[in-house]
Each structure stands twice: as structure tokens, then as C-alpha cells.
């Protein structure tokens, strides 16, 4: 089982778009990362995204490239300040699920799964990047297996 964590692509400020949809640059970066993931043969069974427009748009772009059998679905509990521990049952039961959401939620979720605490961060997320977590049977938790990010450095 793999768990893919995605911070939505770059989005407009509220002054430009009250719903904060993706910018053209954000759309292009998400599409590029999704194409790389497809090229590596990444398999995603389902994509769950927050209720916010920018997360839905990010999920749509990734789904076009990865074609998840279970499609994409809106999921409550993925907003920036939501409780990461509420997703425990979902994460333990779903194979190869991708969650598309926001900071600080994604950072806190990764930290909680890896260390058991939401702080300190264990990974520097980027807009439009994918972080793959896999279960670590040796210690009974999770570990970062790989990541694809729009920028390095």
C-alpha cells in the first residue's frame, strides 16, 4: 500500500479569485509532475481531495494522467487546519490512495504518520508536488519512499 500526499498547485490570491483557483503556472506544474508520475508507472486507486477549488483542480489534472480506477472524490477533513488523526481509519484501509489538500494539514499528516506527532515537519512540501509514503514493517509506522517536486534546491 502507498499513500500519496499532494499539496494543491499554485493558486491565485483571494483578490484575484475569491475561490483561489489554480494559476496557469500551477496547472502547468501539476500537469508536469503528473506526467512524470505516469512515466514512472505510479498506480493510484483513488484520489480524494478537499472541498476547496484549488485541491479539486489539482486532483482533476492528476487524474487525467494517472487514471485512478476509483476516480476522484471530494473528502471532508482535508482542509488546512483539520485534525490529521481523523483520517487514521481511512489510511489504514485504502490501498494506493492519493490525498490532495493544503498546508499545514499535509505537513502535519506526514509528520504524524512517520513520528506519531504533528510537529516538527518531516518534509518540505511544494505546491503541486507528490510525496509517497509506504508502511515501514520494521517499526510499524510509515516512511517517505519518494517524492516528485516541481523544483529542487
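Side notes on the structure shown:
- Tensor-based shape of the stretch 102-153 (alpha-carbon gyration tensor, a/c under 1.5 rounded, otherwise prolate or oblate): oblate
- Extension gain for residue 73-residue 51 works out to 7.0 nm (0.36 nm per residue, less the C-alpha to C-alpha distance).
- Label zone at residue 145 (point 7 Å along Cα-to-Cβ), backbone N below 20 Å, the stretch 59-103: 62-72, 88-101
- Calculated FRET efficiency for the pair residue 152/residue 25, C-beta based, R₀ 22 Å, to 0.05: 0.85
- Span from the the stretch 103-153 Cα centroid across to the the stretch 1-66 one, whole angstrom: 17
- In terms of the mean number of neighbouring beta-carbon atoms within 10 Å, the peptides 34-46, 14-26 order highest first as 34-46, 14-26.
- Cα-based helix-to-principal-axis angle, 24-39 vs the chain, degrees rounded to 10: 40
- Multiplying the residue separation of residue 32 and residue 138 by 0.36 nm and subtracting their alpha-carbon distance yields 34.7 nm.
- Dividing the helix sum by the residues of the chain, where each DSSP H run of 4 or more adds -39500 (n - 2.57), gives a mean residue ellipticity at 222 nm of -9500 deg cm²/dmol.
- Rounded, prolate or oblate (a/c below 1.5 giving rounded, otherwise prolate when a/b exceeds b/c) for the stretch 1-58 by Cα gyration tensor: oblate
- Taking the longest Cα principal axis of the chain as reference, the axis of helix 105-115 is set at about 20 degrees.
- Shape of the stretch 10-130 from the C-alpha gyration tensor: oblate (a/c of 1.5 or more and a/b not above b/c, with a ≥ b ≥ c the square roots of its eigenvalues).
Read-outs: derived from the displayed coordinates by stated rules, not from any lab. Everything numeric here is computed off the predicted structure, so don't read it as measured data. Note: ideal-geometry Cβ built from the backbone for every residue, glycine included; neighbour counts use all protein chains shown.
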